[in-house]
Amino acid sequence: MHPFPGLQGPGAPSPLPLLLLCLVAAARPSLAGDDPPDSPFTSLPGREEMIAKYSNLLLESHNISLTEHSSVPVEKNITLERPSNIELSCQFTTSGDLNSVNVTWKKGGEPLKANYLINATGNILYTKYTFAINNSKQMGSYSCFFEEEKEQRGTFNFKVPEIHGKNKPLITYVGDSTVLTCKCQNCFPLNWTWYSSNGSVMVPVDVQMNDKYVINSTYANETRFKIMKLSEEDGRSYWCRALFQLGESQEHIELVVLSYLVPLKPFLAIVAEVILLVAIILLCEMCVQKKKQQPDDGKELEQIEHLKSDDSNGIENNAPRHRKNTYYV
């Protein structure tokens with residue numbers, strides 16, 4: 001049975017001094033009483049040194065549990081606002097031989113070689129990675145891997161707090177004023193910055209050089225950006241950016257500026273449709289009237305023609321007949 005990594009390493013002391021130390025420790029009274037240990041780890045190489053170096057930092061502890069039957073990787077998202085000491089623990093439950101399980105830690109895709117410990121209790125294999133996050137480069141994803149017949153992975157995703165604006169476009173009118181707001185729930189950014197973008201280019205909003213902009217940051221977790229005397233050109237995307245010790249977070253708000261004629265367009269369209277409908281109805285009525293008048297006109301023409309023919313026949317019948325005289329020589 002080979003030892004678990006982290007429990008024994010190069011440069012370990014000889015067995016005799018260790019035996020003496022154990023006898024001395026057994027002879028001393030326990031300060032902790034009979035309370036059970038907080039974790040299955042007896043010690044962690046480098047942990048005391050790290051805590052001494054960063055003793056002013058808060059401690060963040062997070063845990064992930066895996067089994068040999070886990071079908072998908074397990075992930076845990078962690079929001080971190082300021083530098084902290086970090087303890088990440090993974091436990092893996094298996095029915096197989098724990099000594100055949102290979103345990104590794106990675107940041108992104110890069111293996112981590114130090115400051116993690118492996119221990120076993122019953123059929124559960126434990127591993128813990130301890131470190132400190134002091135800057136944005138140390139943020140990201142940290143994963144523990146248990147490789148038996150298949151690989152099981154647990155991932156801790158570190159990110160700065162999210163900020164929230166208005167999800168839907170903000171609609172206003174030319175000449176009005178509007179206020180864009182961004183908030184950070186339960187967090188306090190070091191600084192807020194506003195940007196405007198018209199396409200892919202983001203330009204910082206210069207409040208001092210433009211009297212139509214006012215930025216109010218009365219509360220540390222909130223910023224308000226007021227735009228006065230709106231024009232149609234002010235309709236664009238605006239971004240608020242929060243700066244933290246460990247990185248930046250940003251959110252965008254879409255501003256739509258309409259002229260006062262825009263609300264009238266639907267009304268004018270309805271009026272135009274009504275006028276068109278009335279014109280069509282009148283045109284249909286005129287066509288129907290014309291069709292009704294056409295048969296009457298035809299009868300009148302037939303009557304006139306009939307009268308004319310009667311008159312012409314009367315004249316021919318009433319005309320005097322001339323006898324033809326034949327002369328013989």
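Based on the Kirkwood radius over alpha-carbon pairs, what is the Stokes-Einstein translational diffusion coefficient of segment 174-267 at 20 °C with 1.002 mPa s viscosity, in µm²/s?
It diffuses with D of about 148 µm²/s by this estimate.
Listed highest first by mean packing, meaning other Cβ atoms within 10 Å per residue, what order do 120-126, 165-171, 222-228, 250-256 come in?
Descending packing order for the listed peptides: 222-228, 250-256, 120-126, 165-171.
Under a 1.4 angstrom probe, counting protein chains only, how are Y195, Y173 ranked by accessible area, largest first?
Listed by decreasing accessible area, they come as Y173, Y195.
Given a Förster radius of 56 Å and the C-beta distance between V288 and T93 as r, what FRET efficiency does 1/(1 + (r/R0)^6) yield to the nearest 0.05?
0.05
In debye, nearest 20, what is the charge dipole magnitude of segment 57-110 about its Cα centre with +1 on Lys and Arg Cβ and -1 on Asp and Glu Cβ, if you could check?
That gives segment 57-110 a dipole magnitude of about 120 debye.
Would you mind pulling out the separation of the Cα centroids of segment 115-162 and segment 234-262, in Å?
After rounding, the separation between the Cα centres reads 37 Å.
How big, on average over all directions, is the shadow cast by the Cα convex hull of segment 135-217, in nm²?
Hull-based average projected area comes out at 10.0 nm².
The values are calculated or read from the model by the stated rules, or taken from the named source; none is laboratory data. Just so it is clear, the structure is predicted and the values come from calculations on it, not from any experiment. Virtual Cβ from ideal backbone geometry, glycine too; neighbours counted across all protein chains shown. Surface accessibility is based on the protein's heavy atoms, side chains included, excluding ligands, DNA and RNA. Shrake-Rupley method; radii C 1.70, N 1.55, O 1.52, S 1.80 Å.
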